[in-house]
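As structure tokens, the structure follows; a few thoughts come after it.
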Amino acid sequence: MGEHTRKPGEYVKPGGRIVLDDYCRADGEYYASGAYYFQKALSRFEDGQRVEAELVPEPFNRWDARAVAYDVQGQRVAYLPATSAKMWHDVVRAWNEAGYAVYVGAEVNRWGDDEGEARFGLTAPKWDWQTLLDLAEAVGLRTAWGAVMDGLSEKQRRLMREDGGYTPNDSVLKVLLKQQEQHPIFRWGWKSDGDLSERMPFWYGYFVREEMWEEERAERDHRRFARSVKSSLLRAFKDEIRRRKEWEREQARLLREQQGAQALRLQDEGVRIRDIAAELDLTPKQVESLLYRARKAAGATLQRNDDLQKERRRAAAEALHHKRAGLARAEIARVMGRSVESVKDLLQDAVFYEAPEAYPERLELARRCAELRGAGLAKGAVLEELGVTRARALRAFRDVAFLDSRARDGEEAATSSA
């Protein structure tokens, strides 16, 4: 293998990290491949120095599309052997996608050749098969493989079993190759690697064989095969992923709170929504949602219901006025400092407010909503009973408020004239 120059962005180190030595016991050790090409990087270390080596997949390596390198302190120093990389590549990439860089403990070695020149190498741990399988299980490769198989017909799934999944029928492999972009976590080899069965991702064939083994055991024992209790290693990996996701959700929540507080401050200072959106690098629609959630979380009432309805009617009338003046939706959105989608809703409301009877379907939905509310149903139950999309159901609630307001205005006008 020659030296591969990584493309910009080919590998971006994830924020999390996991050291396999903390969870697994090595089944021996071996000299990593390719150290010959990285003598300068290895010469920085002392003979026998312990280092943390990061496993880095190289999917664009022109010599091996499933290569996995060892990086130490950000510099490549060696590779997994090609036969091992074929199995490890997808596993490492899956952990990277889950937010974790994968490390192992290793040792730098130094020795002299016949001419007295110093040579350097890297001794890496050798993990047993169960460790690799547990890593693949924990990060969801079996589930991902199931999604691949779901995209095949029953006949194609049977063809995958030819030769025990080692050399499936070429027709189904061609289908899988065409679908590879739908399942990017699994890496195919280059054309130079051989026929399609040689290029096929290792885990496709392995999980096919395991499925066949399980079925054979079930038939032999005349009972459903019961999978063994998950090892403590597998549980530890799953807990690690769960904790990571919880942390990411908490960070996202804190960011929304900070953005909401900043949006409220800017709006209170008189800044328009479109300018707030530019300041926060968000869309106007996202800013509107942020402001709503922020005020709701703070326990603040934006306006009384009547005032809110009047403001809605005023905004709708303004949007309709701009439209009748010849402005397009995008132009109206800029003038009013709203999103295009918000303007679309305002225009639909405006024509309804002018003549509800001209929109019998919408008017009937509003009346049905009013009947359900009058019967004492809670809002959630009304939304469900209306049998329409949530957006249309919520609009019906606004329409009820408008119709009630119009009725009150009519009664007050009649009283005044009397």
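Numbers at a glance
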read-out: Distance (nanometres) between label positions extended 7 Å along Cα→Cβ at Arg50 and Glu331; value: 7.2 nm
read-out: Length gained when the stretch Arg110-Arg243 is fully extended (0.36 nm per residue, less Cα-Cα span); value: 43.9 nm
read-out: Theoretical gain in end-to-end length, Tyr292 to Ser192 [0.36 nm per residue, Cα-Cα removed]; value: 30.3 nm
read-out: Correct option for Cα extents along the principal axes in Å [calculated from the coordinates] among [x] 116, 59, 43; [y] 61, 53, 42; [z] 66, 49, 38; value: [x]
read-out: Computed E for Gln182/Thr415 - FRET, C-beta separation, R0 60 angstrom, nearest 0.05; value: 0.35
read-out: At R0 = 41 Å, FRET efficiency that the Cβ-Cβ distance of Val19 and Trp213 yields, to 0.05; value: 0.80
read-out: Estimated FRET transfer efficiency when R0 is 35 angstrom, pair Gln75-Ala26 (beta carbons, to 0.05); value: 0.90
read-out: GNM result for the chain, Cα springs below 10 Å: residue of Ala236, Ala263, Ala381 fluctuating most strongly; value: Ala381
read-out: Simple label model, 7 Å out from Cα along Cβ direction - Glu364 to Ser153, nm; value: 4.4 nm
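Laboratory data are not the source of any read-out in this text; all were calculated from the coordinates shown. Remember, it's a predicted structure, so these values are computed and weren't measured experimentally. Counting neighbours? That spans all protein chains shown, and the Cβs are built from the backbone with ideal geometry, glycine included.
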